[in-house]
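What follows is one structure encoded as structure tokens, with my remarks underneath.
Read the figures in this text as sums done on the coordinates, not as results from a lab. As the structure is a computational prediction, the values presented were derived from the model and not from experiment. Note that each Cβ is placed from the backbone with ideal geometry, even for glycine, and that neighbours are counted across all protein chains shown.
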Amino acid sequence: MPPPSPLVAGHAVSKRYGDGPLILRDLAFSAQPGDFVTLIGPSGCGKSTLLRLIAGLSPLSSGQLEIAGRPPGKSAAEVAFVFQEPALLPWLDVARNVELPLLLRRAPAPRRNESRVRALDLVRLSEKSAAYPRELSGGQKMRVSLARALTLSPSLILLDEPFGALDELSRQRLNEELLAIHAREKWTAFFVTHSVAEAVFLSNRILILAANPGRFHAEVTVDLPFPRTAETRLSTEYQRVVAEVTRLLHSAEAAAA
Amino acid sequence: MRKQLLSFLAPLLAGILLLGLWSCVHRRLSPEKQYLVPSPGDVVAAFIENRSTLALGALITAAGAAAGLTAAVVLGYVLALGLAFSKITRAALYPYLMVLQMTPIIVFAPILVLVIDASLLRVAIITFLICFFPLVVNTTQGLLSVDSQLLDFFRLSRASRRDEFLRLRMPAAQPYFFTGLRIAATLAPIGAIVGDYTAGNAQGGVGGLGFQIVLTSSRFQMPQLYATAITGCALGFVFVAVVLALQWLALHRWHDSYDRAR
């Protein structure tokens, strides 16, 4: 049986802004449907830039990048983005924030309602649907942001350090919820983080980047079994992978210096 | 409870002190100059004596101010949308907007007197010219100051330019619009009084407050002049109160400035 065609495929991807220095150099990568890929590396290695390229928010300087066989922004595959900040519209309540992507696509009301109920259910915030963003905690806002990304039933979700501003326990809880949703919905994820523990817990693949210019330094496959729970973090195998990724991160930093 | 009492009593006490200072100044002036600062009692008497003239004048001035302010809001918002929509319109029109702002509005008065018959319309136009600038500048600023992640989100959702304005830029600009409106609402009664003063007349009766200022000062009716000034001040408070109420209606559900928990 031939391997399934990749959902995301990059070849010799490079990026610079204007006449500035090279941000990303010659990246080659791919992701299969259902992959949870984490990008980790020192500050300034271009992780967030790579997400913006995949989202089609910023053009490549050279190379090729395809989402389901088409260039970013032109692909038929739904792509959702979860930002560092929750990026909610403060003048809309939770329900209308979550529905917004469908409203902007002119989806009919019944479809909007159905998707909203499903998405809020997935992030366990149904009871907050009439609340305004300012009435929510940081973690709740992020869950609304996640629900908004899920309403389009995307095949690819790009997450740019979404839980970086949360306290450790909220972050762990959201990691567990994110994986539970991923297990049900099976989208492909590209997840940017600074936390090795988070990267190992979430992903089946970790791409470690080095900086100046941004490039792939190493890839780690995480074979920890699913479903992963709070227990997973106590296992020796988990600790071993965390140690290995940490070591590779150090060598990535040394390679840049 | 004590705090509340204090915050109620403090301005009251300051007011009584200022009134005392006022009558002190009145009594200390030499008899031939005393008319310049009439006693508070004389001003109150002038208020009561001229109450219907003052009330009618206030209404006429309020009508001119409201008409001018409304026109400034509508046209100012439309222009702000145009300015926010494209860099080219911004580059083309902004310098002339500055020119309008820098021009002393008084110079328009004699022209308006020659061109327009209706006193109220002249007053409204002068008010409009004074209120227009802060509305345009603040609203444009608001339409352009949208969080870049929200703009990215709209782009990713393949939102039309129309949706970007209707559902993102215009709601996000509301706090800025109200800042402009608050400034304009303070200026509107002043603008209308200046309009009255320079380009008003007593068409159909007593004339607006500005026109009454012209009359009373030329007749050296100082208590009445003071009463007219205080009426104009009260009118300003009414305008600002209306705007604050509208702002509350628009923003209190979601904007951080109305969050009681903060």
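Annotations for the structure displayed:
- Note that segment A:59-71 has calculated 3J(HN,Hα) couplings of x, 6, 7, 7, x, 10, 9, 9, 10, 6, x, 10, x Hz, one per residue in order, obtained from phi through the Karplus relation 6.51 cos²θ - 1.76 cosθ + 1.60 (θ = phi - 60°); glycine and proline are x.
- Compactness of the protein assembly as shown as Cα Rg over 2.2 N^0.38 Å, two decimals: 1.37
- Model label sites at residue A:221 and residue B:101, defined 7 Å from Cα along the beta-carbon direction, differ in position by 6.4 nm.
- Rounded if a/c under 1.5, otherwise prolate or oblate - segment A:84-153, Cα gyration tensor axes: prolate
- Per-residue average of Cβ from other chains inside 10 Å of A:89-96: 4
- Dipole magnitude of the protein assembly as shown, debye to nearest 20 (Cβ charges: Lys/Arg +1, Asp/Glu -1, about Cα centre): 540 debye
- Computed E for residue B:5/residue A:5 - FRET, C-beta separation, R0 56 angstrom, nearest 0.05: 0.15
- Value at 222 nm in deg cm²/dmol, rounded to 500, when DSSP H runs of n ≥ 4 in chain A each add -39,500 (n - 2.57): -11500 deg cm²/dmol
- Largest GNM mean-square fluctuation across A:77, A:109, A:149, computed for chain A with C-alpha springs under 10 Å, falls on A:109.
- Sparsely packed trypsin sites (Lys or Arg not before Pro) within segment B:94-166, loop by DSSP, other Cβ within 10 Å at most 12: B:158
- In this label model, residue B:36 and residue A:74 are separated by 8.0 nm, measuring between points 7 Å along each Cα→Cβ vector.
- Candidate lysines for bridging to residue A:128, where Cα separation is under 21 Å - those fewer than 8 sequence places away on the same chain excluded: A:141
- Only Cα sites of chain A enter the Debye sum here, all with the same form factor; the resulting log10 I(q)/I(0) across q = 0.11, 0.13 1/Å is -0.61, -0.85, listed in q order.
- Among A:78, A:244, the ranking by other beta carbons within 10 Å of each residue's beta carbon, starting with the fewest, stands as A:244, A:78.
- Max mean-square fluctuation residue, GNM over chain B, Cα-Cα springs under 10 Å, options B:247, B:224, B:34: B:34
- Cα-only Debye scattering, chain B: base-10 log of I(q)/I(0) at q = 0.08, 0.09 Å⁻¹: -0.46, -0.56
- Listed residues B:236, B:191, B:20, most fluctuating in chain B (Gaussian network, C-alpha, under 10 Å): B:20
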